[in-house]
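Structure first, then comments.
Every number in this text was worked out from the coordinates using simple rules, so none of it is lab data. Keep in mind that this is a model prediction, so the values were computed, not measured. Quick reminder, even Gly has a Cβ in these numbers, built from the backbone with ideal geometry, and neighbours come from all protein chains shown.
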Amino acid sequence: MTIKTQNSGIYQTLVAQLDKVARHNRQGSFRTKERYYEAMQRFCKFLSAEYRLQKLANINGKHLTAYVLYMQERGKSASTIKTDLAAIRFFHDNMERTKYRLPSNDELAVELERRRFGGIDRTWSVPEFHRFLAHCMADGHEDYATVACLTWYAGLRIHECFRIDTAIAEQALRENAITVKGKGGKIRTVPINESISIELKKLLAITSRGHKLFVPDGVPTDIAIARLQQYIYQVRPKIQDEGSTRPMTHHSLRHSYAARTYQELIDSGMRPFSASLRVSQLLGHERPDVTHGYLASISKEGANGK
């Protein structure tokens, strides 16, 4: 997993702190030491780019949660994520004067999927999506229904949804497109449909001006995200198609958006490579090959842009 180095000065400061701990490490095999060190280097790049954090001793649960979401967005397996988390905790345990206790995997505000091999269809079916919306409405979770619509119809990441405030929503309604800040600070604009517009209007009517639509006052964003993920986990047995073994997470809705949009572009006459590139842009990536993991439900030839 390659993370583009941003804020190189901060990154070098973090690596210097990492090296200080690594020099005194006598535990583990050479291969384990190397694997853990590489994992921490990537984590340092992430911290410098996303948080401008200057002390490794100050990392806490929100940084781990954000990093897990970052890796999941890039299709990393649960085994890879868990190994990286083990590396982070190992170095944290060997640092002096750490400020916070790091949560265990079970305590993290994000669900870690079981290990899976190869490409897998993660998409939600149309009936599953509509059953989820129905449950949200019945349980008084109009906000969760709106987040689902934003990802199903516009491909937004979960943290992009939770950044939306009243100003962003109002602009989206004026322009029929929503502008979001994604990973690495990249800004993109994605068209929205009538379903999203209807849901945004409902939430704007009950949200104080200047406030976020999906994050209650006084609640940390990572906790608000975790509550949605836990809700999906709880209702999944009630909404999943009979006999289906497909994983159903919020991120799977992005897979649904990617597969559906790709197929629509192909049906309109666009060539596979161009369709992959367009889907990549809409998802907030830079290269069409990044979309391959999202297109496991499409034939191998089509997903590879052939």
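Read phi for every residue in region 149-158 and hand back ³J(HN,Hα) as whole Hz from Karplus 6.51 cos²θ - 1.76 cosθ + 1.60, θ = phi - 60°, with x for Gly and Pro.
Result, ordered by residue: 5, 5, 8, 5, 9, 10, x, 5, 5, 4 Hz.
Could you work out how far helix 126-138 tilts from the main Cα principal axis of the chain, as a 0 to 90 degree angle to the nearest 10?
The angle comes out at about 90 degrees.
So if we plug the beta-carbon distance of V126 and Q234 into 1/(1 + (r/R0)^6) with R0 = 22 Å, what FRET efficiency do we get, rounded to 0.05?
Calculated transfer efficiency: 0.55.
Could you tally the net charge around L14, taking each other residue with its Cβ under 13 Å from the Cβ of L14, Lys/Arg +1 and Asp/Glu -1? Write out the running numbers ahead of the final one.
Working: positive: K20, R42, K45, R52, K55; negative: D19, E50.
Summing Lys/Arg as +1 and Asp/Glu as -1 gives +3.
Using the Cα gyration tensor of the chain, with a ≥ b ≥ c the square roots of its eigenvalues, what is the shape: rounded (a/c below 1.5), prolate (a/b larger than b/c) or oblate (neither)? Could you put the intermediate results ahead of the total?
On the way: a/c = 1.73, a/b = 1.44, b/c = 1.20.
Judged from the Cα gyration tensor, the chain comes out prolate (a/c at least 1.5, a/b above b/c).
Can you give the helix-only mean residue ellipticity at 222 nm for the chain, where every DSSP H stretch with n ≥ 4 adds -39500 (n - 2.57) and the sum goes over all residues, rounded to the nearest 500 deg cm²/dmol?
One gets -18000 deg cm²/dmol as the mean residue ellipticity at 222 nm.
Which of R52, R278, R174 moves the most in a Gaussian network model of the chain with Cα springs under 10 Å?
Result: R174 has the largest fluctuation of those listed.
Which length gain, in nm to one decimal place, applies between E34 and K76 when the Cα-Cα distance is subtracted from 0.36 nm times their residue separation?
Between E34 and K76, full extension yields 13.2 nm more.
Listing I88, I266 from the residue with the fewest other Cβ atoms within 10 Å to the one with the most, what is the order?
I266, I88
Under 13 Å from a point placed 7 Å out from the Cα of S208 along the Cα-to-Cβ direction: which residues of region 214-246 have their backbone N that close?
Correct set: 216-219.
Over the chain, what is the relative contact order in whole percent, taking alpha-carbon pairs under 8 Å and six or more residues apart?
Value for the chain: 18 percent.
Of Q17, I158, S280, which is farthest along the charge dipole of the chain in the positive direction, counting Lys and Arg as +1 and Asp and Glu as -1 at C-beta?
Projecting each Cα onto the dipole axis, the largest value belongs to Q17.
Peptides 18-29, 243-254, 35-46, 181-192: what's the order by average Cβ count within 10 Å, highest mean first?
The most tightly packed comes first, giving 35-46, 243-254, 181-192, 18-29.
Roughly how many nanometres apart are two label points built 7 Å out from the Cα toward the Cβ at E96 and T245?
5.3 nm
In nm, what is the difference between 0.36 nm times the number of residues separating Y51 and L173 and their Cα-Cα distance?
Separation in residues times 0.36 nm, less the Cα-Cα distance, equals 40.9 nm.
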